[in-house]
Amino acid sequence: FYPAGFAAKASPEELIRYREVEVMHGRFAQLAILGFLLPEKYAAEGAFGDDFLAPTGTALEVFNTDPLWVGLTLGVISCLETIRLLQTEPGTRTDAKILEVGLYPEQSPEKLAEYSLKELQNGRLAMLAFAGAVVQEL
């Protein structure tokens, strides 16, 4: 099921780029949804005080209360991403050097393809979850 139809119009090189971008957006979305859920969980428990999130109790209120920290955070992320893009070649940008670290117990091509599919599916789910969390906060 692919309603947008981008793949039908894309060249093989563009499809590889689309997959790289989708995987990276999925990784960021997985981190972003953790950034939404964990502070709200701890704020609800009172672990960090009453005004941990903001007087409104929403995570997006940080853009109004601490714009300097948001800007610094986005600046650091932008610098790190620029360095990553400069140090890699197109087609290899989703390689996070996980094989070299030894996080996969079994490194057969079939198992790696299964891990890649799971990462892609979890990333898609995280992107939807993040979009839902933002809509809920608004």
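Taking all protein chains together and rolling a 1.4 Å probe, Glu89 ends up with roughly 120 Å² accessible.
On the beta carbon distance between Arg84 and Arg19, with R0 = 25 Å, the FRET formula returns roughly 0.90.
Compared with the alpha-carbon gap, the fully stretched path from Val62 to Ser116 is longer by 16.1 nm at 0.36 nm per residue.
The values are calculated or read from the model by the stated rules, or taken from the named source; none is laboratory data. All figures in this text were calculated on a predicted structure; none of them were measured in a lab. Please note: Cβ atoms are built from the backbone with ideal geometry, for glycine as well, and neighbour counts cover all protein chains shown. Surface areas here come from the heavy atoms of the whole protein model, side chains and all, with no ligands, DNA or RNA. Shrake-Rupley method; radii C 1.70, N 1.55, O 1.52, S 1.80 Å.
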